[in-house]
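J.: Have a look at the structure that comes next, please.
Bear in mind that the values in this text are calculations on the coordinates, not laboratory data. Bear in mind the structure is a predicted one, so any value in this text is a computation, not a measurement.
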Amino acid sequence: QVQLVESGGGLVQPGGSLRLSCAASGIMFRMYTMAWYRQAPGNQRELVAIIYSSGSRNYADSVKGRFTISRDNAKNTVYLQINSLKPEDTAVYYCNAMWTKTYWGQGTQVTVSS
């Protein structure tokens, strides 16, 4: 069975940092494009960061310079380092894997509040 399990979310003050993790199982991880999406209340799910099998990365303009996506193929894990958090970063963050099929994690809540 394919499984993506996110962790690392929580309540953080503005300016703080978090590192989200997504552990994948049941897929040939190194072949997959991995991404982080987020969804705030009332909004559509949006792509915030993506990392390809080559290691190339792209970011949404709203997070560029603050978020860093990385992957450890030996651990079948993708990470999202989030720095300088803003209240508008508050959302459920979802891990996504795409290659022959697309898979989603259950999400982890990130709340940025003063």
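J.: Cut-off 10 angstrom, C-alpha nodes, Gaussian network model of the chain. Which of Q13, Q81, Q44 fluctuates the most?
T.: Highest fluctuation among the options: Q44.
J.: For a bin width of 5 Å, list the pair-distance distribution of the chain built from all Cα-Cα distances, rounded to whole %.
T.: The calculated distribution, bin by bin, is 2, 13, 25, 26, 19, 10, 5, 1, 0.
J.: Pick from L11, L47, L85 the residue whose mean-square fluctuation is largest in a GNM of the chain, springs joining Cα atoms under 10 Å.
T.: L11
J.: A follow-up question, please. Per q in 0.12 1/Å, what log10 I(q)/I(0) does a Debye calculation on the alpha-carbon atoms of the range 1-60 return?
T.: The computed values of log10 I(q)/I(0) come out as -0.38.
J.: For the chain, set up a GNM with springs between Cα atoms under 10 Å and report which of Y94, Y79, Y32 has the largest fluctuation.
T.: Most flexible of the set in this elastic network: Y32.
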